[in-house]
Amino acid sequence: MKYLNSTLVAFATTVAANAVFAQDAATKLWKGDVEFGYYQQEGNTEESSVIGKTNAKRSSGKWTYDISAEGQNSEASGVRAAERYFLSNRLAYDFSEFNYTFGYASADKDRFSGFVYQATVAGGYGRRLLKSDRFTWDAEVGPGARVSEFENPSDAGDGQITEAILRVSTDFSWEFSETATFEQKLAVESGDQNTVSRSVTSLKTKIVGGLGLKISYTMEYNEVVPNDTVHLDRVTSVTLVYNY
């Protein structure tokens, strides 16, 4: 675990250094942030946790591309307690100032969820409900498909479910001061077999330059889950964040 932690710290440092270099370039093609958080307790209780996230956006004319990735590893008394990885991609095309179309794809792998993975592909219509210097609020809706693979197949041999879904999402951002931003993201993917909801509430503050602090609360709910797993996962994290 110590080797893993050292590797993750080195990786986060390298990513941040590359972000600084990118910002110094004459043309900034991307903007986004890199987050890193680490916790370790030693003594009567041996516990450690590492979390890393990155979000990047690139705009070119009427096209906008977003990519997000995150990973979390926790260990208690030498036993792995949490291990999760999430990746999403989104491509949007503005056909007017407040209306756009989008395509979305994501993959979620949580070792302790009872699923091997859950993957989603969707596309549809987006509406910019609010747009100003301090506020942005987008809402999206569209059809798609989700594949869920169970770690332990049922007696009938059902180990994987592929279903049509309707995906509805909203993304709200409020820069209520020069140094603080509040964000609320919510997505619901509803299908005949399962409904998956994911909410991320966060508050980000600037410390100096591009460096800041971020507090976030994530909830993910699966209506249908394998045996011996809960429907709702909740994660509270405090991370250092670098904006580029």
So, for the chain, what is the accessible surface per residue at a probe of 1.4 Å, expressed in square angstrom? 58 Å²
List every residue whose amide H lies under 5 Å from the amide H of residue 151, counting only residues 5 or more places away in sequence or on a different chain, with H placed 1.01 Å from N in the peptide plane. 115, 116
Can you list the HN-Hα couplings for the range 161-177, worked out from phi with the Karplus curve (6.51, -1.76, 1.60; θ = phi - 60°), rounded to whole Hz and with x for Gly and Pro? 10, 10, 9, 7, 9, 10, 9, 10, 9, 9, 9, 10, 9, 9, 8, 7, 7
Debye calc, one equal point scatterer per Cα of the range 41-118, no solvent, log10 I(q)/I(0) at q = 0.14, 0.15 1/Å comes to -0.62, -0.67
Each label point is 7 Å from the Cα along the Cα-to-Cβ direction; what then is the distance between the points at residue 206 and residue 229, in nm? 4.1 nm
Could you look at the range 113-183 and say what percent of its accessible area is carbon and sulfur, using a 1.4 Å probe and all protein chains? 58 percent
Computed lengthening from residue 240 to residue 57, 0.36 nm per intervening residue step minus Cα-Cα distance: 63.9 nm
From DSSP H assignment alone, runs of 4+ in the chain each adding -39500 (n - 2.57), the sum over residues rounded to the nearest 500 puts [θ] at 222 nm at -3500 deg cm²/dmol
For residue 112, which sequence-distant residues (separation of 5 or more, or a different chain) have an amide H within less than 5 Å of its own amide H, given hydrogens modelled in the peptide plane? 83
Over all viewing directions the Cα convex hull of the range 166-238 casts an average projected area in nm² of 5.9 nm²
Ratio of the chain's C-alpha Rg to 2.2 N^0.38 Å, to two decimals? 1.08
So for R0 = 41 Å, FRET eff. of residue 98-residue 77 from the Cβ-Cβ r, to 0.05, ends up at 0.20
Residue-by-residue Karplus 3J(HN,Hα) for the range 57-63, coefficients 6.51, -1.76, 1.60, Hz, glycine and proline x: 9, 9, 10, 9, x, 8, 9
Gain in length, residue 213 to residue 192, computed as 0.36 nm per residue apart minus the alpha-carbon separation, to one decimal in nm? 3.6 nm
Over the chain, what is the relative contact order in whole percent, taking alpha-carbon pairs under 8 Å and six or more residues apart? 13 percent
For residue 180, what charge total do you get from the other residues with a beta carbon under 10 Å from its beta carbon, if Lys and Arg give +1 and Asp and Glu give -1? 0
Full extension from residue 177 to residue 30: what is 0.36 nm times the residue separation minus their Cα-Cα distance, to one decimal in nm? 50.6 nm
Run the dipole for the range 109-244 about the Cα centre, Lys and Arg Cβ at +1, Asp and Glu Cβ at -1, nothing else charged, and hand back the magnitude in debye, nearest 20. 760 debye
Computed ³J(HN,Hα) along the range 124-138: with the Karplus parameters 6.51/-1.76/1.60, θ = phi - 60°, integer Hz and x for glycine or proline, the list is x, 10, x, 10, 8, 6, 8, 8, 8, 5, 10, 10, 9, 8, 10
Would you mind pulling out the separation of the Cα centroids of the range 98-148 and the range 158-194, in Å? 6 Å
Using the structure shown, list the pairs from 62/204; 31/62; 31/109; 53/131; 131/214; 57/185 with a Cα-Cα distance above 18 Å, or answer none. 62/204; 31/109; 53/131; 131/214
Residue-count net charge about residue 41 - beta-carbon cut-off 13 Å; Lys, Arg +1, Asp, Glu -1: -4
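The values are calculated or read from the model by the stated rules, or taken from the named source; none is laboratory data. Quick caveat: nothing in here was measured; it's all calculated off a predicted structure. Using ideal geometry, Cβ is built from the backbone for each residue, glycine included, and neighbour counts are taken over all protein chains shown. We work out accessible area using only protein heavy atoms, side chains counted, and drop any ligands, DNA or RNA first. Shrake-Rupley method; radii C 1.70, N 1.55, O 1.52, S 1.80 Å.
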